1. Quick check on the range 137-254: what are the equivalent-ellipsoid semi-axes from the Cα gyration tensor, as sqrt(5λ), descending, whole Å?
2. Quick one: net charge around Glu84, please, counting Lys, Arg +1 and Asp, Glu -1 for every other residue with C-beta under 14 Å from its C-beta.
3. Under 5 Å between amide hydrogens, which residues at least 5 positions from Val245 or on another chain qualify, with H placed 1.01 Å from N in the peptide plane?
4. In what sequence do Val167, Val301, Val121, Val232 fall when counting other Cβ within 10 Å, fewest first?
5. Please compare each pair in Lys165/Lys203; Lys87/Lys145; Lys145/Lys224; Lys189/Lys224; Lys165/Lys196 to a cut-off of 23 Å on the Cα-Cα distance and tell me which ones are over it.
6. Looking at the square roots a ≥ b ≥ c of the eigenvalues of the Cα gyration tensor of the range 188-327, which shape do they give, rounded for a/c under 1.5, prolate if a/b is larger than b/c, or oblate?
7. Excluding Lys141 itself, what net charge comes from residues whose Cβ is under 13 Å from its Cβ, given Lys and Arg +1 and Asp and Glu -1?
8. I'd like the Karplus ³J(HN,Hα) series for the range 277-286: coefficients 6.51, -1.76, 1.60, θ = phi - 60°, whole numbers in Hz, and an x wherever there's a Gly or Pro.
Amino acid sequence: MIKFKELNLEGEKEKKKESPVEKTRCLILGSGPAGYTAAIYAARANLSPILYQGLEPGGQLTTTTVIENFPGYPEGVDSFQMMEDLKKQAARFGTDIRDGAATDSDLSESPYKITIDDEKVIETETLIIATGARAKYLGLKSEQKFKGSGVSACALCDGFFYKGKDVAVVGGGDTAAEEAIYLAGLCNKVYMIVRKDHLRASKPLQEGVFKTENIEILFEHTTKEITGNEVVDGAILTNRKGEEVRIDIEGFFVAIGHKPNSQIFSKFLETDNTGYIKTEPGTPRTNIQGVFACGDVIDPVYRQAVTAAATGCMAALDAERYLGTRKF
Ligand code: NDP
């Protein structure tokens, strides 16, 4: 009996594989805290969501090590463990979690069509975009080498590990200014490495930087290399005259901007100049009914696991409400 059932199931799977178009009520793209939280809520509401994990399963959190600021973990939690737990929780309620990334979209009419890995098309009544953003890096080999052991793109996530130490922040925008001020409260000294002769950050943040005594701004400096053996011990910079300058630091924070993963939707969804998807203020609703966006793909400012999770929850609740008004 059991064997017969199993065979049938296999048959079903084969049929699904062969079919070029699959239909669903709720498709979630992305496997960071926003995507998985949306999945937990959508699955518990019987929407039978399908979730595609994307190119970087677990999202940006997996580029850090320990998460100490997510509520509910007094001892902190390993970032991979947390993403594994979120995945298990989403699966427990019936989310169909799959490998694969969205490579194209047609949101011109409902049901919306999403192409996965350039091959398969999913037709969905509601779409939850939780595709996140990527931190921009300088592109140095040494930067890659020390990612997670001295190089970070998130001061709020990793700053605590550099308490009392000397660190550097690269960039002159709002993020760099905020991160430098935050780190100055924890660290002994913060260098800001700024390629221009001025900051791009807003006036209040600039003032905050200027009046913080343990921040030293190195204007018109660029980073040539980050040094160290196992962990970072310094950086070689080039100044405006082309001379090399060494700074001794243990943490190197890159804050030169993020790129939201929204390109495949740009024909249909309103975005800002950088590509962040615009939503109705205070909601995950995009300019297309039934299409919701949450997490870092809509958020250039807060970018925290907990804020991403919160907007993921909102997206699923809105998807549920939207579906409640129509028959599939
Ligand atoms: P921005 O694009 O505003 O700034 C990036 C900074 O990094 C610039 O100073 C830029 O230099 C520098 N930079 C870029 N590439 C390199 C490179 N290869 N080498 C060295 N330096 C480089 O990004 P942010 O993340 O700061 O801000 C993104 C958006 O989010 C903005 O709209 C900002 O206002 C908003 N934001 C608002 C906050 C708030 O309101 N509290 C907090 C954080 C962000 P250059 O100036 O020379 O181009």
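1. Each semi-axis is the square root of five times an eigenvalue, giving 20, 17, 12 Å.
2. Computed value for this residue: +1.
3. Result for Val245 returns Leu237, Thr238, Asn239.
4. Ordered by Cβ neighbours within 10 Å, fewest first: Val301, Val121, Val232, Val167.
5. Listed pairs above 23 Å: Lys165/Lys203; Lys87/Lys145; Lys165/Lys196.
6. Because a/c hits 1.5 or more and a/b exceeds b/c, the range 188-327 counts as prolate.
7. Its environment carries a net charge of +1.
8. 5, 7, 10, 4, x, x, 9, x, 7, 8
Any read-out appearing in this document is the output of simple, stated calculations on the displayed coordinates, not a laboratory observation. What you are looking at is a predicted structure, and each value in this text was computed from that prediction instead of being measured. With ideal geometry, Cβ positions are generated from the backbone for all residues, glycine too; neighbour counts draw on all protein chains shown.
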